[in-house]
1. In the set 244, 166, 170, which member is part of a loop (DSSP other than H, G, I, E, B), surrounded by 12 or more Cβ atoms within 10 Å (Cβ to Cβ) and touching a residue at least 24 places away in the same chain (Cβ under 8 Å)?
2. Condition (residue is surrounded by fewer than 19 Cβ atoms within 10 Å (Cβ to Cβ), outside any strand (DSSP E or B) and without any contact (Cβ under 8 Å) to a residue 24 or more places away in the chain) applied to the stretch 189-203: is it met by at least one residue?
3. Within the stretch 338-357, is there a residue that is touching a helix residue (DSSP H, G or I) at 6+ places or on another chain (Cβ under 9 Å) and exposed (fewer than 13 other Cβ atoms within 10 Å of the Cβ)?
4. Would you mind stating whether residue 351 is part of a loop (DSSP other than H, G, I, E, B), over 58 Å from the mean Cα position of the chain (by Cα) and at negative phi?
5. Looking at the stretch 117-147 only, could you name the residues that are under 35 Å from the mean Cα position of the chain (by Cα) and more than 17 Å from residue 171 (Cβ to Cβ)?
6. Given the condition part of a strand (DSSP E or B), more than 59 Å from the chain's Cα centre (by Cα) and closer than 25 Å to residue 292 by Cβ, answer yes or no: does some residue in the stretch 406-418 qualify?
7. Considering only the stretch 268-283, I want to know if a residue exists there that is within 25 Å of residue 195 (Cα to Cα), surrounded by fewer than 16 Cβ atoms within 10 Å (Cβ to Cβ), free of Cβ contacts under 8 Å to residues at least 40 places away in the same chain and in contact with a helix residue (DSSP H, G or I) (Cβ under 8 Å, 6 or more places away or on another chain).
């Protein structure tokens, strides 16, 4: 290298060093300025934060220690405290919403076993179940339904502890049955024959004018299959014949039920479980007179002059055996409630065994009059119920008595000795001298009333019998 080239290289190096020094100086200046700017910015930020804190602190002081906002602050603090304390419980509720448990009460229990061979006892009719799982699956399981099953297949005669399980609820949920296990008993069935009886049901739905006859069955004996213990409790087997709405002869297949001695149904297999029956329906009736009987006394010394009714007869409906023994229907008039001429409505009370009648009440027109009294002498004294046909004599040969008659003048004037029956009851008579009470039959129309003037009658009853004296009646002079 020549001296000229060396000089030029040295000059260039000096220029480069000088330029580089200037650049570094410029960079240092820029870095210093930037540092001052950042320090100033941090100072502004710090001042702002401090001002905010001071403002917030002042605000809190004003709110916390101001009566105007005290209640609001207390409420906010209480809410915050509640949230903090119950956070875990609230989180648990939220979490549990993902899983659910539902209960079903009184779910029917069914059993799997050979019911042709065995009789099952001890199995509850219902059980409670609890379904647990994800909420959606539980809802679907409940909606889909299921049942509780006791699986007894393969078990023999005797007592067994079996498990109850829930079926039909799906595999996505857990099902727990309460009770989980039960004790049941299997007994072998046997067959016994019973006579068939019957009951009519729904009679209140059959018009009362109709009467059902004796049913006619296709067969009168049935076979009942159950354990020997159950068969021993059966007292009778009945066919339940439904007569609701029947108005003519009918046929039906009547359901058969076994009952114990107290009338409670017994669970057993009845073969067959129905019987064909034919029943006659009729409407027996009879028309009988209506008799008005007066009870009590008319106030203020008055008496009944006359009673007229709008109906003199009534048609009654019922079984022939009941109707044949009914000669009249009685209506009672209470005279003590009548103080003047009146129109009275009285119900017709049907005799026992009568189902219905064509009328339910009658209208009576009652006329009153002043009451008078009349004494009728020489009324014969008769015997009644001389069941032993005793002879009897009266020590003083007294064979008659006196009777007073009370009523209106017109009614009293119509009474004669022949209308009055005075008697002694000899049902309990014993041989010897004894006193009997005197009785008098009241007038059938009850418009007059009889009263005895003496109450006892002395008779000497002889031990020997009198073949001429008839049971139930007789006069005093023939004993």
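1. Selected residue: 170, the only one of 244, 166, 170 that is part of a loop (DSSP other than H, G, I, E, B), surrounded by 12 or more Cβ atoms within 10 Å (Cβ to Cβ) and touching a residue at least 24 places away in the same chain (Cβ under 8 Å).
2. Checking the stretch 189-203: not a single residue is surrounded by fewer than 19 Cβ atoms within 10 Å (Cβ to Cβ), outside any strand (DSSP E or B) and without any contact (Cβ under 8 Å) to a residue 24 or more places away in the chain.
3. Among the residues of the stretch 338-357, at least one is touching a helix residue (DSSP H, G or I) at 6+ places or on another chain (Cβ under 9 Å) and exposed (fewer than 13 other Cβ atoms within 10 Å of the Cβ), which makes the answer yes.
4. For residue 351, the condition - part of a loop (DSSP other than H, G, I, E, B), over 58 Å from the mean Cα position of the chain (by Cα) and at negative phi - is not met.
5. 118, 119, 120, 121, 122, 123, 124, 125, 126, 127, 128
6. Within the stretch 406-418, none of the residues are part of a strand (DSSP E or B), more than 59 Å from the chain's Cα centre (by Cα) and closer than 25 Å to residue 292 by Cβ.
7. No, there is no match, as no residue in the stretch 268-283 is within 25 Å of residue 195 (Cα to Cα), surrounded by fewer than 16 Cβ atoms within 10 Å (Cβ to Cβ), free of Cβ contacts under 8 Å to residues at least 40 places away in the same chain and in contact with a helix residue (DSSP H, G or I) (Cβ under 8 Å, 6 or more places away or on another chain).
One line per residue, one yes/no per condition, for (1) surrounded by fewer than 19 Cβ atoms within 10 Å (Cβ to Cβ); (2) modelled with pLDDT of 95 or more:
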{"position": "384", "(1), (2)": "yes, no"}
{"position": "395", "(1), (2)": "yes, no"}
{"position": "423", "(1), (2)": "no, yes"}
{"position": "439", "(1), (2)": "yes, yes"}
{"position": "444", "(1), (2)": "yes, no"}
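The values are calculated or read from the model by the stated rules, or taken from the named source; none is laboratory data. This structure is a prediction, so every number in the text was calculated from the model and none was measured. With ideal geometry, Cβ positions are generated from the backbone for all residues, glycine too; neighbour counts draw on all protein chains shown.
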